1. Count the net charge of all other residues whose Cβ sits under 13 Å from the Cβ of Lys59, scoring Lys and Arg as +1 and Asp and Glu as -1.
2. How would the stretch 6-199 be classified by its alpha-carbon gyration tensor: rounded, prolate or oblate, with rounded meaning a/c under 1.5 and the a/b versus b/c comparison settling the rest?
3. Out of the stretch 87-194, which trypsin sites (Lys or Arg not before Pro) are coil in DSSP terms and have no more than 13 other C-beta atoms within 10 Å?
4. Can you check what the net charge comes to around Asn106, using other residues whose Cβ is under 14 Å from the Cβ of Asn106 (Lys, Arg +1; Asp, Glu -1)?
5. Applying 1/(1 + (r/R0)^6) with R0 = 25 Å to the Cβ-Cβ distance of Tyr56 and Asn3, what FRET efficiency is obtained, to the nearest 0.05?
6. Determine the sum of side-chain charges near Met189: Lys and Arg each +1, Asp and Glu each -1, restricted to other residues whose C-beta is under 13 angstrom from that of Met189.
7. With unit charges on the beta carbon (Lys/Arg positive, Asp/Glu negative), name the residue among Asn14, Leu194, Pro109 whose Cα is farthest towards the positive pole of the charge dipole of the stretch 6-199.
8. So how strong a dipole does the stretch 6-199 carry about its Cα centre when Lys and Arg Cβ are +1 and Asp and Glu Cβ are -1, to the nearest 20 debye?
Amino acid sequence: MENKKISVVVPTFNEEKYVEKLLTTLSRQTIPRSDYEIIIVDGGSRDRTLDICRKYADKIVMQKTPTVGGARNDGVKHAEAELVFTTDADCMVTSNLLERIIHDFNTHPDVVMVYGVVTPIERGFKNTFLIELNNVFVKILYRLKIYLSVGANAAFRKRHFITMRGFPAVGAGDDYGLQFRMRKIGRIMFDGELRVYFSMRRYEKYGFGRSFYEWLYNVFSEILKRRVPPEKRYYRKLY
């Protein structure tokens, strides 16, 4: 079996309208297609998601662990490469993203996790302003050694990921939970050149304020070990 340089893990659930755009960008990377694999972790899609994914993916795994963090963990278990990149089904990536990730890890052997920035797919002043403001905030906090990584644009070394038990299987904040674990075992690096185009569809559907409130509610409920009522579950969506 030919060794892969990096594995890409993508959770899906009824994403027929979006996932092909992501998979197209993943298939047009600046490194040879034989150097990486695409792993789809599906949570029981009832639309054409799997039919679309079969045209691009190397592996399709049925999700066993609840939540999006759990789906990512399920995918990592099947990853052939030592380096793993995770993103979301409604995103798109730049053509040199995987090459850049490999370069970061090869150049910095002490780094266990790398993350970058996001840009809204749905342009417009409000979306652009909010996301770019968030990117500035992320960069400032990084200098203070506070890491606001997102699961849509994160990469890590598989062996350390497994050692630290991966993403927490929680309703929200699994990406923050991962970096909190990974920082205990090595250095986390922010690379502003790692850019993922991020869908704002949920924010546009529910409103930014309401979505952010529900995200915070879920995060602090997990921290305090409180049960989240169904009407306040993050994005009202199960993976």
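1. On the way: positive: Lys4, Arg54, Lys77; negative: Glu37, Asp42, Asp58, Asp74, Glu80.
In short, -2.
2. On the way: a/c = 1.38, a/b = 1.17, b/c = 1.17.
Here the stretch 6-199 falls in the rounded category.
3. Within the stretch 87-194, the qualifying trypsin sites (Lys or Arg not before Pro) (loop, at most 13 other Cβ atoms within 10 Å) are Arg123, Lys145, Arg165, Lys184.
4. Details: positive: Lys5, Arg100, Arg157; negative: Asp35, Glu82, Glu99, Asp104, Asp110, Asp191.
Cβ neighbours under 14 Å give a net charge of -3.
5. Working: r = 21 Å, r/R0 = 0.82.
It comes out at approximately 0.75.
6. Values: positive: Arg100, Lys139, Arg143, Lys145, Arg157, Arg183, Arg187; negative: Asp104, Asp110, Asp191, Glu193.
That works out to +3.
7. Comparing the listed Cα positions along the dipole, Pro109 ranks first.
8. Values: 27 positive and 23 negative charges, 99 e Å.
Around 480 debye, computed over the stretch 6-199.
Values in this text are rule-based calculations from the coordinates and carry no lab data. Note that the coordinates shown come from a computational prediction; the quantities given were computed from them, not determined experimentally. Here the Cβ is made from the backbone with ideal geometry for all residues, glycine too, and neighbour counts use every protein chain on show.
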